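Quick notes on the structure that follows.
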Amino acid sequence: MEKEVHEQYEYARRRLRQKKILYFHFVLFLLGSLFLFIANKFFGFGEGTTQNWCIWGITIWLFLFILHFIKVYITDRFMNKKWEREQIDRLVALQQKRISRLESSINEENENKI
C-alpha cells in the first residue's frame, strides 16, 4: 500500500512540475512577444526589411508553446506509467498466446509423427 501512495505522490509531483514549467513558458511567451512587438514598432529594429519579422517570431514561438501545451495536457496525461504498464501487459499476453500456439502446433506435429 505504501508503494502505491508513493507512486501517486511522485506522479502528482511530476505533473505539478510540468504544469508549473508550462505556465512559466506562457508568461515568458507573453513578455517576449510584447518585447518583440515593441522592439519592432517603437525602436525600429528590422526597418530595412519588408516583412514584419516580429510576427514571424511570435508565430513560431506560439507554435512551440502549443506543442508544449499538447505534451503536458494531452500526451503525458494519457500516456503515463499506468498506460505503459497496460501496454506491456497486453504485449506480454500476446507473446504468451503466440508461444502457446507454437508449442501446441509442435506437440501436434510430434504426435502425428508417432
Would you mind calculating the relative contact order of the chain from Cα pairs under 8 angstrom and at least 6 residues apart, reporting the percent as a whole number? 23 percent
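May I ask you to rank ASP89, ASP76 by accessible area, largest first, using a 1.4 Å probe over the protein chains only?
Values: ASP89 100, ASP76 35 Å².
Largest to smallest exposure gives the sequence ASP89, ASP76.
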In straight Cα distance, which lysines are under 22 Å from LYS82, not counting same-chain residues fewer than 8 positions off? LYS3, LYS19, LYS71
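Kirkwood hydrodynamic radius, computed over distinct alpha-carbon pairs, for the range 17-84: how many Å, to one decimal? Write down the numbers at each step before the final one.
Numbers: mean 1/r = 0.0726 Å⁻¹.
Result for the range 17-84, one decimal place: 13.8 Å.
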Sum -39500 (n - 2.57) across every DSSP H segment of at least 4 residues in the chain, then divide by the residue count to get the 222 nm mean residue ellipticity, nearest 500. -29000 deg cm²/dmol
Computed magnitude of the charge dipole of the chain (debye, nearest 20; Cβ of K, R +1, Cβ of D, E -1): 440 debye
Loop-only chymotrypsin sites (Phe, Trp or Tyr not before Pro) in the range 5-114, please: DSSP not H, G, I, E or B, and at most 14 other Cβ atoms within 10 Å. PHE42, PHE43, PHE45
Tell me the carbon and sulfur percent of the accessible area for the chain, rounded to whole percent, probe radius 1.4 Å. 65 percent
Where labels lie 7 Å past Cα in the beta-carbon direction, separation of GLN8 and TYR73 in nm: 2.6 nm
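With N denoting the number of residues in the chain, provide Rg(C-alpha) divided by 2.2 N^0.38 Å, to two decimal places. Each step should come with its number before you reach the end.
Working: Rg = 27.2 Å, N = 114, 2.2 N^0.38 = 13.3 Å.
That works out to 2.04 for the chain.
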Would you mind counting up the charge near LEU22? Only other residues with Cβ under 11 Å from its Cβ, with Lys and Arg at +1 and Asp and Glu at -1. +4
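The values are calculated or read from the model by the stated rules, or taken from the named source; none is laboratory data. These numbers were taken from a predicted model, which means no experiment stands behind them. Cβ coordinates were reconstructed from backbone atoms using ideal geometry, including for glycine residues, and neighbour counts include every protein chain displayed. Accessible surface areas use protein heavy atoms only, side chains included; no ligands, DNA or RNA. Shrake-Rupley method; radii C 1.70, N 1.55, O 1.52, S 1.80 Å.
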